[in-house]
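Structure record follows, encoded as structure tokens.
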Amino acid sequence: MLSKIAQSKHLIGRPAVTPGLKLFRPGGSLPRQRAQVTDVGKALNTDGSTISPLFNTGTTLNATNSNLHPVATALVTQRDEFWRKVSVWQGVSANDFLSYRWSVAKLLKFLQAVVPELVPLDKSGTRMQTREEFIKDVLNGVTAATMAIRMTPYILSRVNWEDPRHDPIIRQFLPMKSLLMPDHPKLALDSLHETADSPVKGLVHRYPDKALFLPTSVCPTYCMFCTRSYAVGADTDTVTKASLKPTRKRWEEAFAYIESQPGLHDIVVSGGDSYYLQPEQIRLIGERLISMPNIKRFRFASKGLAVAPTRVLDESDGWVNALIDISNQAKRAGKAMAWHTHFNHPNEISWITSEASQKLFEAGVMVRNQAVLLRDVNDNVETMSKLIRQLADNNIFPYYVYQCDMVERVEHLRTPLQTILDLEARMRGSIAGFMMPSFVVDLPGGGGKRLACSFQSYDRETGISTYTAPAVTGRDKENKVYEYYDPIGPL
Ligand code: SF4
């Protein structure tokens, strides 16, 4: 499989892909096709159109219309219709925006409509580029990226379109060729060696008591820095993805392996993204895990709360009800289920996030966040502190901040190890300890997560840090020394 990926390298430099529209396919069984530039929409659950009464309030939304508990209502101070600032969505009602079914758009057409004639080329705004130059830069970036392009209307509406080039959200999801940097020679598509650590396809077993189940390879948005660039999303011009289709046969093989390992107690259901599982698939996986005597804990990983929180509030969509039901079933069985989500910047959080989080909080669903440290997105104390505090205020536990993995085509997003060390040193003590995230490095080569500050050595000159992982054994990992390499640029 990896050799197949390697063979695809000759595709680098092919012409730009043809713009077109591609809809989400619920269940994640994407056809094997090249990524399309315009993949920003989704068409899920096309029957039924009931909107949560919370939002069926016309054009002016205010907290007095809420069905929330008064304390929660006080948290939502202003329900501004922020998406109307995007020119092409000026006429979009709250009913439409809050419905999970609302969402078909074309990226190229969208950019032409929303990007101003001139946008800043540098942060000071002294140099400008034209809209056409910006769009050309994005299209050239798409041909070089390892990840397909997919963004939700919600997350697109959180972008500052007056300065898209420096926007912390755009930077995560849209590649710009002029910002890409040559890869560090140690970068790899599967930098964590997940494929090598998979006894069954789509089931990574690295830690003694925990395994990672990958039921699908589709997400509501695709992050340029994805750990799983080798498998997640549609093929791109540079990468033919390892297929992790949601087939029952593959799932049964994974379940059989989990059941056969008495030492396994904790399962992470990820992907891809659990938002792309159907409600009945959430129930199937959850009930199966609850029924296994060896499994005590499991989590569904989904970025959905960060990029499409409307779904949590959309009563016509059954995903969150399935999750809440499984959470309750797990509790009755004396087990713990959690939702692990993925916010990276405070701009991703709105009043819709707050209401969605409150709904989950009231329903007793534990939500934890796993952020990734990214250059010019969240690599300063002010931004990271604001993110952590806003997550905490929404009862989303700020579980981890990850050093960006050493995956290909993300050199421009990586930070030196020193950055994460400094962030932790400056932030610890600024918020209650149980809300303070662990700052970790997921060791290249499959050593698992280690506290960033637990390095054995760190040479700031060469940018090489070393770690050991005594608890991770097997497959010649005993006494192994793992190396993380800082990006070359800042050295
Ligand atoms: S949501 Fe997670 S799995 Fe999906 S592209 Fe982003 S980082 Fe990768």
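Would you pick out the residues in the stretch 354-371 that are part of a strand (DSSP E or B) and not hydrophobic (A, V, I, L, M, F, W, C)? Talk me through it step by step, then tell me what you get.
Let us first name the residues in the stretch 354-371 that are part of a strand (DSSP E or B), namely 366-371.
Those that are part of a strand (DSSP E or B) and not hydrophobic (A, V, I, L, M, F, W, C): R368, N369, Q370.
Every residue in the stretch 311-336 that is more than 16 Å from the ligand (Cβ to nearest atom) and in contact with a Phe, Trp or Tyr (Cβ under 6 Å, 6 or more places away or on another chain), please.
Of everything in the stretch 311-336, those that are more than 16 Å from the ligand (Cβ to nearest atom) and in contact with a Phe, Trp or Tyr (Cβ under 6 Å, 6 or more places away or on another chain) turn out to be D314, D317.
Only residues that are aliphatic (A, V, I, L, M), under 28 Å from E280 (Cβ atoms) and either modelled with pLDDT under 95 or within 16 Å of the ligand (Cβ to nearest atom) (or both): list them for the stretch 220-256, please. Before the answer, list the steps.
As a first pass, look at the stretch 220-256 and keep what is aliphatic (A, V, I, L, M): 224, 231-232, 234, 239, 242, 244, 254, 256.
Still in the running and under 28 Å from E280 (Cβ atoms): 231-232, 234, 242, 244, 254, 256.
If the condition is that a residue be aliphatic (A, V, I, L, M), under 28 Å from E280 (Cβ atoms) and either modelled with pLDDT under 95 or within 16 Å of the ligand (Cβ to nearest atom) (or both), then A231, V232, A234, A242, L244 are the ones that fit.
Any residue in the stretch 339-350 that is over 29 Å from D379 (Cβ atoms) and either away from the ligand (no atom under 16 Å from the Cβ) or buried (at least 21 other Cβ atoms within 10 Å of the Cβ) (or both)? Working first, answer last.
Keep residues of the stretch 339-350 that are over 29 Å from D379 (Cβ atoms), which gives none.
Checked against the condition, which is being over 29 Å from D379 (Cβ atoms) and either away from the ligand (no atom under 16 Å from the Cβ) or buried (at least 21 other Cβ atoms within 10 Å of the Cβ) (or both), the stretch 339-350 yields no hits at all.
So which residues in the stretch 257-298 are within 16 Å of the ligand (Cβ to nearest atom), on the phi < 0 side of the Ramachandran plot and crowded, with 21+ Cβ neighbours inside 10 Å? If you could, list the steps in order and put the result at the bottom.
Filtering the stretch 257-298 for residues within 16 Å of the ligand (Cβ to nearest atom) gives 268-277.
Restricting the remaining residues to those that are on the phi < 0 side of the Ramachandran plot gives 268-270, 273-277.
Across the stretch 257-298, the qualifying residues are V269, S270, D273, S274, Y275, Y276, L277.
Check off (1) within 22 Å of the chain's Cα centre (by Cα); (2) buried (at least 17 other Cβ atoms within 10 Å of the Cβ) for K177 and give me the number that stays unchecked.
Looking at each condition in turn, K177 falls short on (2).
Would you tally the residues in the stretch 202-219 being modelled with pLDDT of 95 or more, in a loop (DSSP other than H, G, I, E, B) and surrounded by fewer than 23 Cβ atoms within 10 Å (Cβ to Cβ)?
Total meeting the criteria: 1.
For the stretch 193-214, how many residues are within 12 Å of the ligand (Cβ to nearest atom) and hydrophobic (A, V, I, L, M, F, W, C)?
Quick first cut of the stretch 193-214, residues within 12 Å of the ligand (Cβ to nearest atom) only: 194, 212, 214.
Of the ones still in play, those that are also hydrophobic (A, V, I, L, M, F, W, C) are 212, 214.
Selection size over the stretch 193-214: 2.
What pairs come out if I take residues in the stretch 224-248 that are farther than 24 Å from G445 by Cβ and pair them with residues that are of a type in the set (D, E, K, R) and within 14 Å of the ligand (Cβ to nearest atom) whose C-beta lies under 9 Å away, six or more apart or interchain?
A234/D39; A234/R150; A234/K241; D235/K241
Name the single residue, out of those in the stretch 237-270 being in a loop (DSSP other than H, G, I, E, B) and in contact with a strand residue (DSSP E or B) (Cβ under 7 Å, 6 or more places away or on another chain), that is nearest to A188 (Cα to Cα).
Step one: of the stretch 237-270, the residues in a loop (DSSP other than H, G, I, E, B) are 237-247, 260-265, 270.
Subsequent filtering for residues that are in contact with a strand residue (DSSP E or B) (Cβ under 7 Å, 6 or more places away or on another chain) retains 237, 241, 264-265, 270.
Numbers: D237: 17, K241: 14, L264: 29, H265: 30, S270: 21 Å.
The selected residue is K241.
With the structure loaded, tell me whether L374 is within 16 Å of the ligand (Cβ to nearest atom), surrounded by fewer than 24 Cβ atoms within 10 Å (Cβ to Cβ) and in contact (Cβ under 8 Å) with a residue 60 or more places away in the chain or whether it fails that test. Before the answer, list the steps.
Numbers: within 16 Å of the ligand (Cβ to nearest atom): yes; surrounded by fewer than 24 Cβ atoms within 10 Å (Cβ to Cβ): yes; in contact (Cβ under 8 Å) with a residue 60 or more places away in the chain: yes.
It is true that L374 is within 16 Å of the ligand (Cβ to nearest atom), surrounded by fewer than 24 Cβ atoms within 10 Å (Cβ to Cβ) and in contact (Cβ under 8 Å) with a residue 60 or more places away in the chain.
Taking the stretch 233-256 only, how many residues are of a type in the set (D, E, K, R) and either more than 15 Å from P215 (Cα to Cα) or crowded, with 21+ Cβ neighbours inside 10 Å (or both)? Talk me through it step by step, then tell me what you get.
From the stretch 233-256, those of a type in the set (D, E, K, R) are 235, 237, 241, 245, 248-250, 252-253; that's our starting set.
From the residues that got through so far, the ones that are either more than 15 Å from P215 (Cα to Cα) or crowded, with 21+ Cβ neighbours inside 10 Å (or both) too are 235, 237, 241.
Number of matching residues: 3.
Given the conditions (1) over 24 Å from N344 (Cβ atoms); (2) within 16 Å of the ligand (Cβ to nearest atom), report the number of the one that S217 does not fulfil.
Here S217 meets the rest and fails (1).
Would it be correct to say that A306 is crowded, with 21+ Cβ neighbours inside 10 Å, of a type in the set (A, V, I, L, M) and more than 30 Å from I169 (Cα to Cα)?
Values: crowded, with 21+ Cβ neighbours inside 10 Å: yes; of a type in the set (A, V, I, L, M): yes; more than 30 Å from I169 (Cα to Cα): no.
Here the answer is no, as A306 does not meet what is asked.
The values are calculated or read from the model by the stated rules, or taken from the named source; none is laboratory data. All values reported here derive from a predicted model rather than from experimental measurement. Quick reminder, even Gly has a Cβ in these numbers, built from the backbone with ideal geometry, and neighbours come from all protein chains shown.
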